[in-house]
1. Identify, among Val408, Ala456, Thr418, the residue whose Cα sits farthest towards the positive end of the charge dipole of the chain, taking +1 on the Cβ of Lys and Arg and -1 on the Cβ of Asp and Glu, with the dipole about the Cα centre.
2. About the Cα centre of the stretch 259-314, how large is the charge dipole given +1 on each Lys and Arg Cβ and -1 on each Asp and Glu Cβ? Please answer in debye to the nearest 20.
3. State the percent of C-alpha pairs, over all pairs in the stretch 259-314, separated by a distance greater than 17 angstrom.
4. Hey, what angle do you get for helix 2-20 against the long axis of the chain, alpha-carbon based, 0 to 90 degrees rounded to 10?
5. Relative to the longest principal axis of the chain, what angle (0 to 90°, nearest 10) does the C-alpha long axis of helix 37-46 take?
6. Sort the stretch 142-197 into rounded, prolate or oblate with this rule: let a ≥ b ≥ c be the square roots of the eigenvalues of the Cα gyration tensor; rounded if a/c is under 1.5, and if a/c is not under 1.5, prolate when a/b is larger than b/c, oblate otherwise.
7. What does the highest-first list of 395-406, 427-438, 64-75 look like by mean Cβ count within 10 Å?
8. Using the Kirkwood radius built from alpha carbon pairs, what does the Stokes-Einstein equation give as D for the chain at 20 °C and 1.002 mPa s, in µm² per second?
Amino acid sequence: MQRNLVLILLLILFNSSQSLAKTFNVKNSKDSGPESLRHALLKASKSKESSKILITTEDEIIINSTLEYTGLQPLDIVGSGQSIKTTQNQTLLFISNGADLTISNLNFYGVGGFSIKKGGWGKGIFVDVRDDQKGLVNVILNNVSVNDVASHGIHISDCSLADDCGGGQGGGGEGSDASIKVVVDNLTISNVGNGRFDADGFRIDERGIGDIDFKASNSLFTLVGADGVELDEGNAGNVNATVNNSSFVLNGAYCDPKLLKPFMPKQDEGEFDDNVRKEDSIPGKIKGTPDDRCFEREVDLYDSGFVKEFEFGIDLDDGFDIDEAGPGNLVVTINNSFINGNLDEGLDFDEANNGDIFLTINNTISINNTDDGFKNSEEDDGSVIASIDGVIAVKNGGKGIVLEEEGVGDVRAFIESTITNTNDDSDKTGLEAVQEDVGSGIIKIVNSQLFDGIDAEGVQLK
């Protein structure tokens with residue numbers, strides 16, 4: 001009797017959970033009208049239940065304006081390899097109220113042809129988190145590609161400033177209490193972000209108290225104008241990232257060095273004694289270029305106000321960039337991945353304010369990146385704890401591997417079966433390990449060949 005009652009209750013729960021998701025079929029490739037994708041999104045937006053959109057037409061879906069889902073309930077879009085294309089410089093899919101999103105077996109295409117000379121603003125997939133959102137915002141992508149859009153390939157924004165949120169630790173804005181969780185498998189992002197400054201392949205802006213949890217497997221991020229992937233956590237909260245069997249290749253070239261180098265001042269750097277050079281005697285900000293934001297100008301002054309040193313540079317971007325700028329930890333695991341030919345660092349992980357970096361890298365190659373192969377920097381109080389096994393860092397313009405702690409905290413690393421060679425940042429350094437403030441550093445190196453040497457400061461090698 002009791003067993004039968006349990007079975008009945010389970011059947012009731014199963015049937016009720018099945019009925020919660022409404023299914024809307026897309027049977028034609030028209031831009032609008034009955035049984036179109038746009039019409040299905042409209043109906044799903046009005047539903048008070050979670051929705052599944054099943055695309056059964058085999059034809060390409062060509063849209064003339066952005067597809068939008070305004071609902072609050074979870075949305076699941078299921079295709080079988082079809083393509084959604086736009087005829088305009090616009091965002092393809094906009095989730096405007098932060099709903100959970102699952103997409104499988106679909107391809108998204110912009111019009112392409114964007115560059116620093118031919119700008120644009122359209123994104124591939126844009127999820128905008130509500131200001132009052134709590135809990136988790138879930139985005140799950142399986143067998144999806146995003147191609148040829150001017151701005152971010154995929155953008156999840158929990159930031160009150162929207163596209164003016166800014167990247168890196170200088171980014172501003174506020175956000176909700178929600179955390180963002182992303183799981184992608186077999187995702188390809190290609191040729192995006194080439195029409196707008198600082199437009200990434202996959203960008204998450206989290207400016208509230210929540211965390212970023214990012215997991216990517218079997219994925220490719222390539223030919224992106226800015227970073228292949230950028231995760232920005234700007235207030236309290238952790239960043240947890242796991243990447244398996246994925247590649248970050250040839251990203252970061254929106255600020256095309258070949259095009260912009262002629263705009264650089266003849267004297268693009270200098271170092272002076274005190275009372276020698278006033279700031280108005282060095283080159284000012286660069287103006288009148290295809291995009292003036294591409295130029296970085298750094299000036300360091302003496303207490304007297306005279307110039308100590310200055311330097312100009314072109315702002316290029318990385319394969320995989322993470323910035324954790326508020327209280328919280330940065331926890332990253334990279335397995336069996338390939339980082340090649342990115343115009344700045346291959347991997348660039350920065351943690352500011354209170355918090356630690358916990359880094360695990362296994363069987364991963366970083367080669368031919370313009371700057372460091374693997375850069376990890378803890379800028380304030382906190383430790384850097386790293387396990388590096390089976391890593392190859394070769395032919396990078398900067399150092400092969402960087403582990404640095406600039407505030408109060410320790411550096412602890414175990415490096416095994418790792419090779420560095422022909423990396424060159426003027427001093428041919430395969431590994432740079434630095435502990436600058438209060439704390440200690442210990443790095444154990446086993447069965448490794450660091451052919452281009454080690455630069456250790458405040459760190460004991462074993």
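The numbers here are math on the coordinates, done by the rules we state, and not lab data. Everything numeric here is computed off the predicted structure, so don't read it as measured data. As a convention, Cβ positions derive from the backbone with ideal geometry for all residues, glycine included, and neighbour counts pool all protein chains shown.
1. The one lying farthest along the dipole's positive direction is Thr418.
2. The calculation lands at about 400 debye.
3. 37 percent
4. Between the helix axis and the principal axis of the chain, the angle is about 80 degrees.
5. Once rounded, one gets 80 degrees.
6. oblate
7. Highest-to-lowest ranking by the protection proxy: 395-406, 427-438, 64-75.
8. 91 µm²/s
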